[in-house]
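The structure appears below as C-alpha cells.
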Amino acid sequence: MHPHEILKQLREEQELKQMDVAKKTNINISVYSKIELGNRPMRDNEIILLSNFFDVTADYLLGKTTKKYWELTAKEENDVAKQMENLIDQLKKEDELHFFGKKMSEEKRNFLMHTLEIGFHLSLKK
C-alpha cells in the first residue's frame with residue numbers, strides 16, 4: 001500500500017474526516033487533503049505528526065512495514081527490565097538525589113520511583 005492509502009485507512013478506521021485530522025495535527029486542510037489523495041508527499045515533520053496522531057510507527061505510515069507498532073525483542077525487553085530495576089534500586093539506595101542541581105525530597109524521590117515502576121509495568125502490558 002502507498003502512504004496516502006495507509007493514511008486514509010487509518011483515518012477511516014477512527015471514523016474521522018479529513019478536517020478532523022487536519023485540525024488536530026495543525027496541518028492545513030488543503031495540504032492534508034493533497035497528501036491523502038497522493039498528490040503531495042508527506043514532509044518529515046508531517047510524518048512525525050501523523051504517525052504520533054495515529055499512534056503508529058513512521059515506517060508503517062510510509063508503507064515500509066506491516067507492523068503498526070514498535071515492538072521490542074525478548075532480549076531488548078529483558079535489557080530494559082534490568083536497566084529499570086537498576087535505576088529503581090539506585091533510587092532506593094541513594095541518600096541524596098539531585099534534580100537540576102536541587103536536592104530532591106524523599107517524598108519526590110519515592111514518587112519518581114513508583115512512577116517508574118508503574119510506567120515500566122504498563123509498558124510491558126502494552
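The numbered conditions (1) free of Cβ contacts under 8 Å to residues at least 12 places away in the same chain; (2) farther than 22 Å from H121 by Cα are all true for Q14 except (1). If you go through the range 71-90 and pick out every residue that is surrounded by fewer than 11 Cβ atoms within 10 Å (Cβ to Cβ) and either closer than 30 Å to E13 by Cα or under 20 Å from the mean Cα position of the chain (by Cα) (or both), you end up with 4. Beta carbons closer than 9 Å, at least 6 apart along the sequence or on distinct chains, pair a first residue in the range 22-47 that is at positive phi with a second that is part of a helix (DSSP H, G or I) for N26/L49; G38/P3; G38/H4; G38/E5. For the range 19-68, which positions are over 17 Å from M1 (Cα atoms), of a type in the set (V, I, T) and under 13 Å from the mean Cα position of the chain (by Cα)? Within the range 19-68, I48 is the sole residue that qualifies.
Could you tell me which residue of the range 93-117 is nearest to D59 (Cα to Cα), considering only residues that are surrounded by fewer than 10 Cβ atoms within 10 Å (Cβ to Cβ) and not small (G, A, S)? Break it down into steps so the answer makes sense when it comes.
Filtering the range 93-117 for residues surrounded by fewer than 10 Cβ atoms within 10 Å (Cβ to Cβ) gives 93, 95-96, 98, 100-102, 107.
Of the ones still in play, those that are also not small (G, A, S) are 93, 95-96, 98, 100, 102, 107.
On the way: K93: 41, D95: 44, E96: 42, H98: 38, F100: 36, K102: 41, E107: 41 Å.
The qualifying residue nearest to D59 (Cα to Cα) is F100.
The helices (runs of 4 or more DSSP H) falling completely within the range 11-126 that include 3 or more residues that are among the basic types (K, R) map to 74-93, 106-125.
Every number in this text was worked out from the coordinates using simple rules, so none of it is lab data. The structure displayed is predicted, hence computed values, not measured ones. Counting neighbours? That spans all protein chains shown, and the Cβs are built from the backbone with ideal geometry, glycine included.
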